[in-house]
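Below: one structure, written as structure tokens.
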Ligand SMILES: Nc1ncnc2c1ncn2[C@@H]1O[C@H](COP(=O)(O)OP(=O)(O)O)[C@@H](O)[C@H]1O
Ligand SMILES: [Mg+2]
């Protein structure tokens, strides 16, 4: 088994009446790229700050390589940190920014030279070494911050929304590069983001956070295809959640119709069930067919390759459909439509915090 590098045991952090992190347990493995994903205010930054030692936990322990570091100051934890704002020294050159911490630690000049050179090469800033931060693009400043964290050869890299300040195109390029750098160094990385696409594309595992807790922890595909809760289904990829009642082990009554549901464990007859379905799995059906719900179209949003359709069932529940080619030019708000929901497209949710 891969060794655990960072571990949180029952970590809680209160700010006055606000419980920012709530009895959190988490084990991050050697070499893994783990994303903390969740909406603003769910406790991602606080979790990172607890690991880094910038704030102490109200309760709980933090371990690094099995050693309890709960009371240890940040600079003795062996971590590299990159914040959303890069916090570079404006009056220092790129090289000097990267070398700063090593100078503070009074490393031999030759070793500083070598390590700074390696770090700068790793993030491909070789040709910008003499420039000042203000002369660099956002993407390049980001690389300086990354080099400055990596130059310590930290045990763990902590990244708090490092791509958030970059524009979309730059962000995607930097995302791939970040992952390549992480792989080549093999460094255990904890990456905070509120962007689900970023988390899905980058991570070995994702911890989806909600109200200071981890709601689900798993590989990206697992999180996307088998969201455990309504919150995860909704936050990681839009989805519709339908409420119904199980009428057989594989049948759920929804809005007066019966849907066959094959993708899940047998249902307990008579229980209330929540079914999630991705908009791209919903088809607008013309003729008769199985697994169809009648609905009224409420809205259409043309998005190029796809049209987003909002429909409402007779009992008031809302369904999102993402309809591709052929473009449903004939559809209009106010019309009745038949929504075809494939039996294997449903995800059954548990719990509803
Ligand atoms: N220094 C602080 N003082 C008071 N409240 C804070 C402080 N830091 C965070 N919080 C509160 O804790 C909660 C979690 O915040 P944070 O960890 O920054 O969330 P995220 O990074 O997911 O947006 C929020 O309600 C936030 O307002
Ligand atoms: Mg934050």
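The values are calculated or read from the model by the stated rules, or taken from the named source; none is laboratory data. Values in this document were obtained by computation on a predicted structure and should not be read as measured data. Quick reminder, even Gly has a Cβ in these numbers, built from the backbone with ideal geometry, and neighbours come from all protein chains shown.
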Picking from 195, 234, the residue that is within 16 Å of ligand 2 (Cβ to nearest atom) and surrounded by fewer than 21 Cβ atoms within 10 Å (Cβ to Cβ) would be 195
Apart from one, (1) part of a helix (DSSP H, G or I); (2) away from ligand 1 (no atom under 16 Å from the Cβ); (3) touching a residue at least 40 places away in the same chain (Cβ under 8 Å); (4) closer than 27 Å to residue 2 by Cβ all hold for residue 233; the odd one out is (4)
Scanning the stretch 9-51 for residues that are within 13 Å of ligand 2 (Cβ to nearest atom) and in a helix (DSSP H, G or I) gives 44, 45, 46, 47, 48, 49, 50
Is it the case that some residue within the stretch 202-209 is over 13 Å from the mean Cα position of the chain (by Cα) and crowded, with 21+ Cβ neighbours inside 10 Å?
-> no
If we keep only residues of the stretch 81-115 that are within 16 Å of ligand 1 (Cβ to nearest atom) and either under 21 Å from residue 137 (Cβ atoms) or not assigned by TED's automatic domain parsing to the domain that holds residue 138 (or both), then the residue modelled with the highest pLDDT is 82
Checked the stretch 93-106 for anything surrounded by 15 or more Cβ atoms within 10 Å (Cβ to Cβ) and not in a helix (DSSP H, G or I); matches are 93
Residues of the stretch 152-184 being over 18 Å from the mean Cα position of the chain (by Cα) and closer than 20 Å to residue 36 by Cβ, in sequence order, are 154, 155, 156, 181, 183
### Query
Regarding residue 321, is this residue in a strand (DSSP E or B) and either in the same structural domain as residue 222 (by TED's automatic domain parsing) or within 24 Å of residue 236 (Cβ to Cβ) (or both)?
yes
Restricted to the stretch 52-65 and to residues being assigned to a loop (DSSP other than H, G, I, E, B) and within 22 Å of residue 193 (Cβ to Cβ), the residue farthest from ligand 2 (Cβ to nearest atom) is 53
Per the filter on the stretch 66-92, residues under 19 Å from residue 53 (Cβ atoms), in a loop (DSSP other than H, G, I, E, B) and within 16 Å of ligand 2 (Cβ to nearest atom) are 83, 84, 87
Reported set for the stretch 21-44 where residues are in contact (Cβ under 8 Å) with a residue 60 or more places away in the chain, within 18 Å of the chain's Cα centre (by Cα) and closer than 17 Å to residue 61 by Cβ is 21, 24, 25, 26, 28
Checking 62, 51 in turn, the sole residue that is in contact (Cβ under 8 Å) with a residue 60 or more places away in the chain and assigned by TED's automatic domain parsing to the domain that holds residue 212 turns out to be 51
The stretch 136-228: helices (runs of 4 or more DSSP H) wholly inside it with 2 or more residues that are under 30 Å from residue 118 (Cα atoms) and at pLDDT below 95 are 138-150, 168-185, 196-202
